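**Student:** Mind having a look at this structure? Questions to follow.
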Amino acid sequence: MDRIRIVGGHALNGVIQISGSKNAALPLMIASLLTRETLTLENVPGLADVAMLLRILGHHGVDHSVDGRRLGAAPYASRAIHLTAGTIVDTLAPYELVAKMRASFWVIAPLLARMGEAKVSLPGGCAIGTRPVDLLIMALEKLGAKVEIEAGYVHAIAPNGLIGAEIHFPKVTVGGTHTALMAASLAHGHTLLVNAAREPEIVDLADCLNKMGARIKGAGQSVVEIEGVGALSGARHAVLPDRIEAGTYAIAVAMAGGDVLLEGARADLLESAIDVIEQAGATISVTNEGLRVRRNGAGLAPVDVETAPFPGFPTDLQAQFMALMTKAKGRSRITETIFENRFMHVQELARLGAHIRLEGDVALVDGVDELQGAPVMATDLRASVSLVIAALAARGETTVNRVYHLDRGFERLEDKLGGCGALIERVSGAG
Ligand code: EPU
């Protein structure tokens with residue numbers, strides 16, 4: 001397994017191109033199951049999760065082709081992928097595939113809506129918590145599906161098709177909202193989603209579905225209306241830029257110091273995260289090309305944050321921001337409200353010399369003057385990248401093991417940071 005080796009203490013200066021969003025690309029790719037025509041997605045990031053989902057979709061009968069990179073194109077130019085689900089060859093998503101990537105559970109919605117049946121393995125727990133799918137099942141049942149859970153599988157049938165309904169989510173769920181949007185698009189009649197997730201990735205999916213002929217109104221707000229249609233067609237859609245990748249590099253600049261243009265990053269996708277990173281001591285300005293992030297050598301201020309659904313501070317930036325706070329001048333309080341167990345980075349940050357105390361869903365971070373490089377590893381993607389951020393400002397060398405996790409969600413991280421002056425390299429071999 002590859003490792004990433006970082007020698008801290010080098011400021012970041014230059015340009016980082018922001019890739020297409022992982023968490024938008026995955027549901028968009030799954031939406032290709034809704035139509036027999038070709039869905040072309042542009043700006044798809046080159047990530048392990050995308051490759052895995054292509055394999056999973058292939059199992060259901062989706063053919064794909066990837067456009068080659070044009071001569072002279074930027075090295076990170078994300079790709080266009082053509083996905084065609086001419087015939088669904090299997091409505092069963094086996095455990096071996098779903099267990100590898102939780103989001104693949106979402107295939108249940110298009111398979112059920114198009115084929116009247118789907119049998120999908122329960123995804124099980126993962127490093128960041130139990131992550132149940134009860135609300136996704138509730139949404140499908142409201143739309144008229146008969147759902148049974150048998151031997152670890154969710155078996156849903158709707159032989160006469162799904163029927164529009166009013167669906168109230170007791171809790172904001174991104175996956176629940178994606179699932180309901182896809183299923184209701186092919187249901188008979190009108191669906192109303194109440195307390196829907198408002199994340200930009202939801203809006204991106206709805207925009208793409210509308211290009212495919214769906215009739216969705218209000219995506220990005222808490223109440224969404226969907227008028228079902230008989231069939232969807234192919235479309236062409238560009239995946240929105242990755243707000244979490246942009247926020248991660250903004251935090252990296254705040255940590256290491258320097259001046260970096262995040263090309264393609266959009267302030268409207270980051271909302272409250274920008275305020276929080278600025279309060280910590282970075283300056284973020286909007287330019288025609290993206291977001292420019294600067295920090296001079298001044299000390300970092302402690303900032304209390306609480307994760308919340310969009311437009312609140314994203315849970316997917318919590319670990320990275322905690323890494324930043326390990327060097328703030330004073331105590332910060334970081335509260336995780338979305339996932340109950342998303343603090344695996346705490347132990348590893350401590351190995352670098354951070355002072356963090358956990359009290360339930362709150363981490364109390366007492367900033368230290370200096371972090372010290374050490375070998376570390378993490379068991380999820382955002383936790384891993386938080387260690388990279390800490391390493392950028394640590395004295396000496398840090399080795400981040402299990403780079404597999406980084407490759408799931410960050411396209412060419414070492415090239416992007418290395419291109420801005422970080423001393424970072426990938427070391428292949430045992431890890
Ligand atoms: N929840 C339930 N029941 C459900 C569904 C969710 O109780 O049926 C709970 C979850 O356990 C959690 C909360 O509701 O406590 C929110 O979960 P949500 O459904 O919104 O999360 P998700 O759809 O599984 C997506 C992202 C995550 C991101 C969360 C929150 C993708 C592929 N995943 O997960 O991204 O953290 O939304 O914004 O879009 C990551 O990229 O590292 C990542 C984990």
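The values are calculated or read from the model by the stated rules, or taken from the named source; none is laboratory data. Worth saying up front: this structure is predicted, and the values here are computed from it rather than measured. Cβ: placed from backbone, ideal geometry, glycine included. Neighbour counts: every protein chain shown. Accessible surface is based on the protein model in full, side chains and every heavy atom, while ligands, DNA and RNA are left aside. Shrake-Rupley method; radii C 1.70, N 1.55, O 1.52, S 1.80 Å.
**Student:** Pairs of Cα atoms under 8 Å, at least six residues apart: use those to get the relative contact order of the chain, whole percent.
**Tutor:** Relative contact order, the chain: 22 percent.
**Student:** Could you tell me the relative contact order of region 108-198? Use alpha-carbon pairs under 8 Å, at least six residues apart, and round to a whole percent.
**Tutor:** Here the relative contact order equals 33 percent.
**Student:** Return one whole number: the accessible area per residue of the chain in Å², for a 1.4 Å probe.
**Tutor:** 38
**Student:** Mind telling me which of 68, 257, 144 comes out most flexible in a GNM of the chain, alpha-carbon contacts under 10 Å?
**Tutor:** 68
**Student:** Taking the alpha-carbon centroid of each part, what is the distance from region 273-322 to region 353-431 in angstrom?
**Tutor:** 18
**Student:** Further, regarding this structure: Any idea what the relative contact order of region 181-250 is, in percent, if you count C-alpha pairs under 8 Å spaced at least 6 apart?
**Tutor:** The normalised contact order for region 181-250 reaches 38 percent.
**Student:** Compute a Gaussian network model of the chain, connecting alpha carbons closer than 10 Å, and tell me which residue from 410, 169, 105 fluctuates the most.
**Tutor:** 169
**Student:** Quick check: at a probe of 1.4 Å, how many percent of the accessible area of the chain sits on carbon and sulfur atoms?
**Tutor:** After summing per-atom areas, the C and S share lands at 49 percent.
**Student:** Mind checking which of 15, 376, 403 has the largest fluctuation in a GNM of the chain, springs on alpha carbons under 10 Å?
**Tutor:** 15
**Student:** Taking the Cα centre of region 1-70 as the origin, how large is its charge dipole in debye, to the nearest 20, when only Lys and Arg (+1) and Asp and Glu (-1) carry charge on their Cβ atoms?
**Tutor:** 240
**Student:** Now a separate question. Among the lysines, which fall within straight-line cross-link reach of residue 22, defined as a Cα-Cα distance under 27 Å, with same-chain neighbours fewer than 8 residues apart omitted?
**Tutor:** Answer for residue 22, where 27 Å is the Cα cut-off: 100, 119, 171, 211, 217, 416, listed by chain and number.
**Student:** From the helices alone, meaning DSSP H stretches of at least four residues, give me the mean residue ellipticity at 222 nm for the chain, per-run term -39500 (n - 2.57), in deg cm²/dmol to the nearest 500.
**Tutor:** So the helix-based figure for the chain works out to -8500 deg cm²/dmol.
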